[in-house]
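Asker: Structure in structure tokens, see below.
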Protein chains: 2
Amino acid sequence: MKESKTPFSYELILKNISRFIDLNLEEQNLYISLLRQRVIRKKDFILKPGEVVKDEYFIVKGCLKVYSIDDKGVEHISMFAIKDWWTGDIASFLTQQPSNYFIQALEETEVIKISRKNYDLLFKKIPKFERFYRILYQKSLANYILRSDQNISLSAEDRYFNFVKKYPSLVNRVSQKDIASYIGVTPEFLSVLRKRISSI
Amino acid sequence: MKESKTPFSYELILKNISRFIDLNLEEQNLYISLLRQRVIRKKDFILKPGEVVKDEYFIVKGCLKVYSIDDKGVEHISMFAIKDWWTGDIASFLTQQPSNYFIQALEETEVIKISRKNYDLLFKKIPKFERFYRILYQKSLANYILRSDQNISLSAEDRYFNFVKKYPSLVNRVSQKDIASYIGVTPEFLSVLRKRISSI
DNA sequence: ATAATTTCTTAATGTACATTATTTTTTCAG
DNA sequence: CTGAAAAAATAATGTACATTAAGAAATTAT
């Protein structure tokens, strides 16, 4: 698999980390030494079902979609990962069991990745990263609890409004088909919904 | 509010903690000193919307339901908390913003609770609790990501089967009305579903 | 025990959304 | 630029589930 040789800045990821913990210069450099960069070309996959997840990803630029395909062959998008977000398959990354997910680039995407081995090493070398991830997962958990509740209780229209609120930058950047998959309706019905919304 | 004076054992919670970190005797005692016990009588509430969440709860015995009420007055159960589980409203606990949830005892329930103040103190006194919570939230996050995907993609029947798998001890312990609320259907439809399932 | 209340069942009718099919529009490879 | 393929729009029909209503069963309170 071809990877770009052009390095990009670690500024964004360091700023992301500094939301929750402070790193001195030495720690910053140690942390960076445990990371790898990669550019994913549009439509390329970094994960397919059956593979064990090796890395967690931080998005510097572009957009990934994380999705699975059910028994009937229908695609379900679990999340879009955009600039300044972390993504991967946390279950497979943790348990080292095969994943059920695809992760595919919707645009040319720059990511910074950390391997499971270096992730474990990170906690040994810089224990305060336990705190960073504790807070990161805690916030993420709060979001997913809410999303889980909303996915079961809101109408398709309200789930669409939530998508627009959560991903304003994606509304005109990803296909309607993918938005439909994210909010759990058919593209045909989303088309009807959008027409209904715009006519108000 | 009346609280029981009968103390119960900390054995269960210490065993829960020891899944991810080891505590020596001194640390165990320090930890326990930061906890409080409470018995919640059947139908009593420990949280109502508008209140800021003061505590996180560990269930020693019994069952709590965590739910919200939507604009139309419909109740949506977000989780059942049973023995050996943690619960609360993590979003409000974290941000100290008012909660949107009710937490109510379905049976007489024994809980061990930690206040936000002692939770913060815990990380200062025994930093490896950052690791404990990092792993706890990470696993919980993996579960909620899956549940969030399933809530949007599975049929009511499959969500019911998932409920049975996740909470085998509750199937004949909580009302069908509450199960219906958890899986996001009306009690009438769950009644039809169960009849359909049992006739196979 | 008995009444009152809540839960559960059943059935008729209604609605949000899926499915299928066709046409139009957009994207993209050559 | 041109044609092929993918995405989007529209419409007819179908289905999973909601709503409403009423009676039966179970729980709870007196």
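Asker: What do you reckon, how do B:ARG116, A:ARG36, B:ARG41 stack up by accessible area (1.4 Å probe), largest on top? If you can, show how the numbers build up before the last one.
Answerer: Working: B:ARG116 60, A:ARG36 135, B:ARG41 110 Å².
Solvent-accessible surface, decreasing: A:ARG36, B:ARG41, B:ARG116.
Asker: Can you give the accessible area per residue of region A:3-90, in Å², using a 1.4 Å probe?
Answerer: Details: 4700 Å² over 88 residues.
Accessible area per residue: 53 Å².
Asker: I've got another one for you. In a shell of Cβ-Cβ distance under 11 Å around B:LEU12, excluding B:LEU12 itself, what net charge do Lys and Arg (+1) and Asp and Glu (-1) give? Write out the running numbers ahead of the final one.
Answerer: Numbers: positive: B:LYS15, B:LYS61, B:LYS83; negative: B:GLU11, B:ASP84, B:GLU110.
Net charge around B:LEU12: 0.
Asker: For chain B, calculate the relative contact order in percent as a whole number, restricting contacts to Cα pairs under 8 Å that are 6 or more residues apart. Walk me through the numbers on the way to the answer.
Answerer: Details: 277 pairs, mean separation 44.9, N = 200.
Once normalised by length, the contact order is 22 percent.
Asker: Can you give the accessible area per residue of region A:154-200, in Å², using a 1.4 Å probe? Before the final figure, lay out the partial values.
Answerer: Details: 2710 Å² over 47 residues.
That works out to 58 Å² for each residue.
Asker: A 26 angstrom limit on the alpha carbon distance is what I want to check against. Which of A:LYS117/B:LYS139; A:LYS177/B:LYS177; A:LYS15/A:LYS125; A:LYS65/A:LYS125 exceed it?
Answerer: Values: A:LYS117/B:LYS139 18 Å; A:LYS177/B:LYS177 36 Å; A:LYS15/A:LYS125 20 Å; A:LYS65/A:LYS125 32 Å.
Distance filter (> 26 Å) returns A:LYS177/B:LYS177; A:LYS65/A:LYS125.
Asker: Another question about this same structure. Show the residues, 5+ positions off or on another chain, whose built amide H is closer than 5 Å to the amide H of A:LEU47.
Answerer: A:ILE103
Asker: Ignoring ligands, DNA and RNA, what percent of the 1.4 Å accessible area of region A:154-200 is carbon and sulfur?
Answerer: Numbers: 1570 of 2710 Å².
Carbon with sulfur: 58 percent of the solvent-accessible area.
Asker: Turning to a different aspect of this structure: At A:LYS166, with labels set 7 Å past Cα in the Cβ direction, how many nm apart are the copies from this one, shortest first?
Answerer: When each copy's label point is compared with this one, the spacings are 1.7 nm.
Asker: Follow-up. Roughly speaking, to the nearest percent, how much of region A:11-136's 1.4 Å accessible area is carbon and sulfur?
Answerer: The computed percentage sits at 50.
Asker: Right, another one. Suppose R0 equals 35 Å; then what is the FRET efficiency for B:VAL164 and A:GLN96 from their Cβ-Cβ distance, rounded to the nearest 0.05?
Answerer: Details: r = 28 Å, r/R0 = 0.81.
Efficiency computed from Cβ-Cβ geometry: 0.80.
Asker: Just to be sure I understand: if you take the accessible area of chain A alone plus chain B alone and subtract the pair, with a 1.4 Å probe, what total do you get in Å², rounded to 100? Walk me through the numbers before you get to the answer.
Answerer: Values: alone 11740 and 11780 Å², together 20590 Å².
It comes to approximately 2900 Å² buried between A and B.
Asker: Tilt of helix B:156-166 relative to the longest C-alpha principal axis of chain B, in degrees (0 to 90, nearest 10)?
Answerer: So the helix axis and the longest Cα principal axis differ by about 30 degrees.
Asker: On to the next question. Per residue of region A:50-66, in order, report the coupling 6.51 cos²θ - 1.76 cosθ + 1.60 (Karplus, θ = phi - 60°) as ³J(HN,Hα) in whole Hz, putting x for Gly and Pro.
Answerer: Result, ordered by residue: x, 7, 8, 6, 8, 9, 9, 10, 10, 8, 9, 6, x, 7, 10, 10, 10 Hz.
Asker: Are there any trypsin sites (Lys or Arg not before Pro) in region A:56-114 that are in a DSSP loop and have at most 12 other Cβ atoms within 10 Å? List them by number.
Answerer: Details: sites: A:LYS61, A:LYS65, A:LYS72, A:LYS83, A:LYS113; in loops: A:LYS72, A:LYS83.
Sites meeting the loop and neighbour criteria: A:LYS72.
Asker: Moving on to the next point. In whole Hz and in residue order, list the ³J(HN,Hα) couplings for region A:122-128 that follow from phi through the Karplus curve 6.51 cos²θ - 1.76 cosθ + 1.60, θ = phi - 60°; x for Gly and Pro.
Answerer: These are the phi-based 3J(HN,Hα) values: 3, 5, 6, 7, 10, x, 5 Hz.
Asker: Below 8 Å between Cα atoms, with a sequence gap of 6+, how large is the relative contact order for region A:37-95 in percent?
Answerer: 36
Asker: Hey, could you get me the Stokes-Einstein D for region B:23-154, Kirkwood radius over alpha-carbon pairs, 10 °C and 1.306 mPa s, rounded to whole µm² s⁻¹? All intermediate terms of the calculation are to be shown ahead of the outcome.
Answerer: Numbers: Rh = 15.9 Å.
Stokes-Einstein gives a translational diffusion coefficient of 100 µm²/s.
Asker: List the distances, in nm and shortest first, from the label point of B:ASP44 to the matching label points in every other copy, placing each point 7 Å from Cα along the Cα-to-Cβ direction.
Answerer: Label-point separations across copies, in nm and ascending: 6.0.
Asker: 7 Å along Cα→Cβ for the label point: how many nanometres lie between B:LYS195 and each equivalent label in the other copies, listed shortest first?
Answerer: Here B:LYS195 shows inter-copy label distances of 3.8 nm.
The values are calculated or read from the model by the stated rules, or taken from the named source; none is laboratory data. Here the structure is a predicted model, which means the values were calculated and not measured. Quick reminder, even Gly has a Cβ in these numbers, built from the backbone with ideal geometry, and neighbours come from all protein chains shown. Ligands, DNA and RNA are stripped out before the accessible areas are found, and what is left, the full protein with its side chains, is counted by its heavy atoms. Shrake-Rupley method; radii C 1.70, N 1.55, O 1.52, S 1.80 Å.
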